[in-house]
Amino acid sequence: MSIDRFVLAFAGTVILASLLLALYVDMRFLWLTAFVGANLLQSAFTGFCPLAMILKRIGLKPGAAF
């Protein structure tokens, strides 16, 4: 799996998990959804993604975006 696909899968998982937590636990978990969305947006413009940097150090192969 490439870094690109892992980042997208991780972001999608965190978003869905935070939506479920907001629904069943506390609405403040929507801040986590907003944080992930904002990070994806800034990454699209700047190319900077902390998770991608960590995954690159671990040894995952980079894709086209990272």
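FYI, it's all coordinate maths here, none of it is from the lab. All values derive from a computational prediction rather than experimental measurement. Here Cβ is always computed from backbone atoms with ideal geometry, including for glycine, and neighbour counts include all displayed protein chains.
Exactly one residue out of A38, A64 is loosely packed, with under 12 Cβ neighbours inside 10 Å and either outside any helix (DSSP H, G or I) or on the phi > 0 side of the Ramachandran plot (or both): that is A64. Here is a check on your reading of the model: is F6 aromatic (F, W, Y), surrounded by fewer than 13 Cβ atoms within 10 Å (Cβ to Cβ) and in a helix (DSSP H, G or I)? Answer is no for this residue.
Does F45 meet the test of being without any contact (Cβ under 8 Å) to a residue 24 or more places away in the chain, exposed (fewer than 10 other Cβ atoms within 10 Å of the Cβ) and either of a type outside the set (V, I, T) or part of a helix (DSSP H, G or I) (or both)? Here the answer is yes, as F45 does meet what is asked.
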